[in-house]
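Report on the following structure.
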Amino acid sequence: MAKYTEEEKMLRRIEKRFAKGVVEYGLIEEGDKILIGLSGGKDSLALVELLARRARIYKPRFSVVAAHVVMKNIAYESDTDYLRRYAESWGVPLVIYETEFDASTDTRKSPCFLCSWNRRKALFTVAKEQGCNKIALGHHMDDILETLLMNITFQGAFGTMPPRLVMKKFDMTIIRPMCLVHESDLEELASARGFRKQVKNCPYEHDSHRSSMKDVLKQLEAMNPEARYSLWGSMSNVQDELLPRKEQPMP
């Protein structure tokens, strides 16, 4: 019986969960051209590798291209030369796109939301220019569960970032192929691959509750090691009859 190193075990876990997410949620179809949103963080770097490898050896056949969005008014010092070399080492061409936003134009939305939305719009633009029909983002299982908890806590809504989201307005589909991959495994992969960290100095980062919600998820897992799977399962096991429903007003 073959013995695997810890690194090989980690890679097998990631690939198994990655493949399961892709298949279970129907994320890739024959002839797709997928744009990878490459921020330069460990998650998007891992996504380049995973999609590039899958494009080489698996059916359905599809192609990939990556895009890195530079937000000129945010002090995020990305090493674009490193990102280009990394993407091209996997046979993935990289597009660099520059844009910016003015947080004072919409005070109803947080700067983090405006930055994220403008980055997303930039990806739509590049995807259209490159003839892509899908955009792949590097969100993993922890991201999706943390967003679920944030929406319940702060928005009073039961929703999160789905593995597949059809954006009819933009004639584009967003996919999250790492939806079942654990962040801890991606941290191990980043260490094994020696991913170079990008310098991030965002003046709005303290406004985000995501780091706090990471701690909440860890606390839940401390109480129940299977908590993440219970949370994930709850999204497809909504017991409608056991939820409060307001009476309809009389006509």
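The residue that is surrounded by the fewest Cβ atoms within 10 Å (Cβ to Cβ), among those in region 10-26 that are among the hydrophobic types (A, V, I, L, M, F, W, C) and touching a helix residue (DSSP H, G or I) at 6+ places or on another chain (Cβ under 7 Å), is 10. Candidates are the residues of region 61-76 that are surrounded by 14 or more Cβ atoms within 10 Å (Cβ to Cβ) and of a type in the set (Gly, Ala, Ser); the one that is farthest from residue 118 (Cα to Cα) is 63. Looking at region 18-26, is at least one residue farther than 15 Å from residue 177 by Cβ and assigned to a loop (DSSP other than H, G, I, E, B)? No, region 18-26 contains no residue that is farther than 15 Å from residue 177 by Cβ and assigned to a loop (DSSP other than H, G, I, E, B). Of the set (1) surrounded by 13 or more Cβ atoms within 10 Å (Cβ to Cβ); (2) modelled with pLDDT of 95 or more, all apply to residue 117 but (2).
Considered as a group, the residues in region 151-167 that are surrounded by 12 or more Cβ atoms within 10 Å (Cβ to Cβ) and of a type in the set (S, T, N, Q) include one that is farthest from residue 244 (Cα to Cα), and that residue is 160.
Residue 241 meets the conditions (1) at pLDDT below 95; (2) loosely packed, with under 10 Cβ neighbours inside 10 Å; (3) not in a helix (DSSP H, G or I) in every case but one. The failed one is (3).
With respect to being at pLDDT 95 or above, surrounded by 12 or more Cβ atoms within 10 Å (Cβ to Cβ) and closer than 30 Å to residue 34 by Cα, residue 208 falls outside the description. Contact map, region 67-82: first residue farther than 17 Å from residue 126 by Cβ, second residue in a loop (DSSP other than H, G, I, E, B), Cβ cut-off under 6 Å, separation 6 or more or different chains; pairs are 73/100; 74/202; 82/196.
Within region 168-197, residues that are at pLDDT below 95 have Cβ atoms under 7 Å from residues that are among the hydroxyl-bearing types (Ser, Thr, Tyr) in these pairs: 196/82, counting only partners at least 6 apart in sequence or on another chain. Just one residue in the set 25, 58, 86 is over 24 Å from residue 118 (Cα atoms) and under 15 Å from the mean Cα position of the chain (by Cα); that residue is 25.
The values are calculated or read from the model by the stated rules, or taken from the named source; none is laboratory data. Predicted model only: the values in this text are computed from it and were never measured. Cβ sites come from the backbone with ideal geometry, for glycine too, and all protein chains shown count toward neighbours.
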